[in-house]
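To keep things clear, I will list the structure first and then write my remarks on it.
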Amino acid sequence: MSHCSVHRLLEKRENGEQSKKDQETQKVLEEKNQQPAWMKKEIERKDHEITRTKIELQTTLSVLEKASDREVGNQLRLGQTERIVSQKERTIEEQKRIIQKQVILIHKLKDEKQLLSDQRLCKICCSEEIRVFPIPCGHLTSCRNCASNTHECPVCRKRIEKLESAFLP
Ligand SMILES: [Zn+2]
Ligand SMILES: [Zn+2]
């Protein structure tokens, strides 16, 4: 056996041993990598749970965002409504003041109307309208009946010579 062939033999053996070692290492690594079935299942289950939780969180988040948007919208609408209400309140107050003024005016007109109709009444009997005036003084004071029963004007005491018909508007 030449020196060369011995060397080659040694090399060959070493190579063999090396590859055997490699195979063993590989096997250990594979065993390590090979998780037991229950562990795999457990991991898959956890993965599943995480995914589900993520989806749930996203759903909750989107629900919250929508609720928040709605809340902002509600606040805006509330503000608008409050403005409209206070505007309407102001308008109502203004209308109340106008109505009060009109009521006062109506009372005044009623009083004036009463006064006018009172002025048309006979100053003696206070029930009939003035229909005549005496000549010569001309004071509008009595109805025809009351004037016929007196000989002097109830205002100036002048003697009534004649009665003339009066036509009040
Ligand atoms: Zn009269
Ligand atoms: Zn008179």
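The values are calculated or read from the model by the stated rules, or taken from the named source; none is laboratory data. These numbers come from a predicted model, not from an experiment. Note that each Cβ is placed from the backbone with ideal geometry, even for glycine, and that neighbours are counted across all protein chains shown.
If you check Ser117, Ser62 for being in a helix (DSSP H, G or I) and either closer than 30 Å to Glu152 by Cα or within 16 Å of ligand 1 (Cβ to nearest atom) (or both), only one passes: Ser117. A single entry from Ser62, Ser68, Ser127, Ser117 fulfils the requirement of being surrounded by 10 or more Cβ atoms within 10 Å (Cβ to Cβ), in contact with a Leu (Cβ under 9 Å, 6 or more places away or on another chain) and either polar (S, T, N, Q) or over 30 Å from Phe167 (Cα atoms) (or both): Ser127. For Lys101, the requirement of being at pLDDT 95 or above, surrounded by fewer than 12 Cβ atoms within 10 Å (Cβ to Cβ) and either outside the structural domain of Glu161 (by TED's automatic domain parsing) or within 16 Å of ligand 1 (Cβ to nearest atom) (or both) is met. Filtering the range 18-59 to residues that are at pLDDT below 70 and not basic (Lys, Arg) leaves Glu31, Asn33.
Look at (1) out of contact with any strand residue (DSSP E or B) (no Cβ under 7 Å at 6 or more places or on another chain); (2) more than 16 Å from Ser165 (Cα to Cα) and you find that Glu152 fails only one, number (1).
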